[in-house]
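Down below is the structure, laid out as structure tokens.
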Amino acid sequence: MRIVHALSVPAFFTLLSIAAPAVMALPTFNDFEGGGTPFTVTTGTAPAAAVITASNGNDFLRLVTQQTNNRNTVGFDRTEVGNNFNQLKVDWDFRMFKNNTTGDQRMGDGYSFGLLPTATYGTTGALPGSATGDASPEVWNLPGALVVNFLGFNGTYDARKDVALRFNDVQIGATVNSPVDFTFDARPILDPDANVDFVHAQLLINALPGGGSNVSFLLGGTTATGSGTPIFNNVFIAGLNPYEWRVGFSGRNGSAINFTDIDNVSAVIVVPEPATATLGLLSFAGLMLRRRRAA
């Protein structure tokens, strides 16, 4: 964990009233400094994903190590029971980087975040994607899951910074070249165990009454402010309806290699403050009564 951010909700993401506070249901949270939501590591090719005791403080999870053919998945336990993510906010920090200044400077394949239905992938334990022959971890095309891909390898020394959305094993729209750099290839981090140069990611899901969901994804900013750069903004995904979920990450290197690190993972269902909902309903009722009197 680098900085403990207070959990709050961007103004456009609140229910009924943007002026009123919101409360959170039971969150998934882990800053890898003890406690937090339990998680399971599955390794296809060693070394396994592991918590790194940072040389400058604030520990983090090393998902992929700078070695060839390293493949790992990390699955967090379910924390919220029920099909109830009408509004869901997921945050994490990450970085993809190399620490060698000579030799092969190409970035590895990449990694993915997944919001996985427990009906298919269980409430705890291992997730698919790390074994040879599994779905490529940087694409993680898992049926029923909402996935964000981060792609670094393009066969040259100029690393990709591509982001893609997937749902139910289908890519949604085009791959976007991120304006926010998250592959530190041109400026190696020479101390791989120092907690520096992480990029913040935020995923916002708003389930719609008529079915489907609007999904936004931002890079940069913080958990508290949400003031990142929109990579995807209110992308409608048909069929993405509330399901019981847990979160996970999957990543790999092939012949080109880098480190991929994760920190400060949180996922919270956003629910209206009871007083907010009451105020909103009373205002609506008052408006209807006024219209009736005016008729």
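The values are calculated or read from the model by the stated rules, or taken from the named source; none is laboratory data. Small disclaimer: the values here were computed from a predicted structure and weren't measured. Positions of Cβ are backbone-derived with ideal geometry, glycine not excepted, and every protein chain shown enters the neighbour counts.
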Exercise. Residues being part of a strand (DSSP E or B) and either under 18 Å from His200 (Cβ atoms) or at pLDDT below 85 (or both): count how many of those fall in segment 134-161.
Key: 4
Quiz item: Can you tell me which residue in segment 165-212 is modelled with the lowest pLDDT, limited to those that are over 12 Å from Val235 (Cβ atoms), of a type in the set (Gly, Ala, Ser) and touching a strand residue (DSSP E or B) at 6+ places or on another chain (Cβ under 9 Å)?
Solution: Ser178
Quiz prompt | segment 223-250, residues that are under 21 Å from Asn177 (Cα atoms) and not in a strand (DSSP E or B) | solution = Gly226, Ser227, Gly228
Quiz item: Do we have any residue at all in segment 33-40 that's modelled with pLDDT of 95 or more, in contact with a strand residue (DSSP E or B) (Cβ under 8 Å, 6 or more places away or on another chain), surrounded by 15 or more Cβ atoms within 10 Å (Cβ to Cβ) and not in a strand (DSSP E or B)?
Solution: yes
Quiz item: Counting just the residues of segment 49-85 that are among the β-branched types (Val, Ile, Thr), over 19 Å from the mean Cα position of the chain (by Cα) and closer than 18 Å to Gly36 by Cβ, which one comes out surrounded by the fewest Cβ atoms within 10 Å (Cβ to Cβ)?
Solution: Thr53
Practice problem: Please verify whether segment 215-222 includes one or more residues that are modelled with pLDDT under 95, surrounded by 23 or more Cβ atoms within 10 Å (Cβ to Cβ) and either of a type in the set (Gly, Ala, Ser) or out of contact with any Leu (no Cβ under 8 Å at 6 or more places or on another chain) (or both). | Solution: no
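Based on this model, can you work out whether Phe249 counts as in contact with a Leu (Cβ under 9 Å, 6 or more places away or on another chain), crowded, with 20+ Cβ neighbours inside 10 Å, at pLDDT below 95 and among the hydrophobic types (A, V, I, L, M, F, W, C)?
No; evaluated as a whole, the condition is false for this residue.
Condition check ((1) within 21 Å of Leu127 (Cα to Cα); (2) modelled with pLDDT of 85 or more; (3) among the hydroxyl-bearing types (Ser, Thr, Tyr)) across all residues:
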{"position": "His5", "(1), (2), (3)": "no, no, no"}
{"position": "Ser8", "(1), (2), (3)": "no, no, yes"}
{"position": "Ser17", "(1), (2), (3)": "no, no, yes"}
{"position": "Ala22", "(1), (2), (3)": "no, no, no"}
{"position": "Ala25", "(1), (2), (3)": "no, no, no"}
{"position": "Asp59", "(1), (2), (3)": "no, yes, no"}
{"position": "Asn84", "(1), (2), (3)": "no, no, no"}
{"position": "Gly103", "(1), (2), (3)": "no, no, no"}
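Do the conditions hold for Leu279, that is, is it outside any strand (DSSP E or B), modelled with pLDDT of 95 or more and touching a Ser or Thr at 6+ places or on another chain (Cβ under 8 Å)? Steps first, answer last, please.
Working: outside any strand (DSSP E or B): yes; modelled with pLDDT of 95 or more: no; touching a Ser or Thr at 6+ places or on another chain (Cβ under 8 Å): yes.
Answer is no for this residue.
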Exercise. State whether one or more residues within segment 223-240 are in contact with a strand residue (DSSP E or B) (Cβ under 9 Å, 6 or more places away or on another chain), among the polar types (S, T, N, Q) and either surrounded by 20 or more Cβ atoms within 10 Å (Cβ to Cβ) or modelled with pLDDT under 85 (or both).
Key: yes
Quiz prompt | Close pairs (8 angstrom Cβ cut-off, 6 or more residues apart or separate chains): closer than 20 Å to Pro230 by Cβ in segment 82-109, modelled with pLDDT of 80 or more and among the charged types (D, E, K, R) anywhere | solution = Trp92/Asp263; Asp93/Asp263; Phe94/Asp261; Phe94/Asp263
